[in-house]
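Written below as structure tokens is the structure these notes are about.
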Amino acid sequence: SGVISYPRTDNTVYPPTVNLRTVLQKLEDSPFAADARELAAQETLRPSRGRTQATDHPPIYPVAGADRGKIKREDHWRLYELIVRRFLATLRVDAGELGVGLGEPRCVPNREVQVLNTAAPLGLGRKR
């Protein structure tokens, strides 16, 4: 309770009233702290923009950091984790700005792929 915004799922554009840096700071009290700090270190935050922009509510996003101690139910935790990972993915740089490290070159074509890749470990979409 109190860890996600109003669950609006059809809006895909953050309004200027959502302070993205503040959201990242709040995530420092969560298992996603390292990713939040890395993104907060970017000079400019440019979230990806989807096709749908509604003005009554922003897209769903985390409003507080939480861990397994605060969110006890497994299904609630998995949902929170998906929301956080989606939020973080919307702030990642585009593939054209990614550097190449050691080993085989790897390119992420867009941020949507990052979200899908993070959903798989959560067991979403699997038949039970």
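For segment 58-77, a residue qualifies if it is open to solvent by 50 Å² or more (accessible area, probe 1.4 Å) and not in a loop (DSSP other than H, G, I, E, B), and the qualifying residues are GLU74, ASP75, HIS76. Might you let me know whether segment 100-118 holds any residue that is in a loop (DSSP other than H, G, I, E, B), out of contact with any His (no Cβ under 8 Å at 6 or more places or on another chain), at pLDDT 90 or above and not acidic (Asp, Glu)? No: zero hits. Residues in segment 25-38 that are in contact (Cβ under 8 Å) with a residue 24 or more places away in the chain and in contact with a helix residue (DSSP H, G or I) (Cβ under 9 Å, 6 or more places away or on another chain): LYS26, LEU27, GLU28, SER30, PRO31, PHE32, ALA33, ASP35, ALA36.
The values are calculated or read from the model by the stated rules, or taken from the named source; none is laboratory data. Since the structure is predicted, the reported quantities are computational estimates derived from the model, not experimental observations. Note that we place each Cβ from the backbone using ideal geometry, even for glycine, and neighbour counts take in every protein chain shown. Each accessible area value is taken on the protein alone, full model and side chains, heavy atoms only, with ligands, DNA and RNA left out. Shrake-Rupley method; radii C 1.70, N 1.55, O 1.52, S 1.80 Å.
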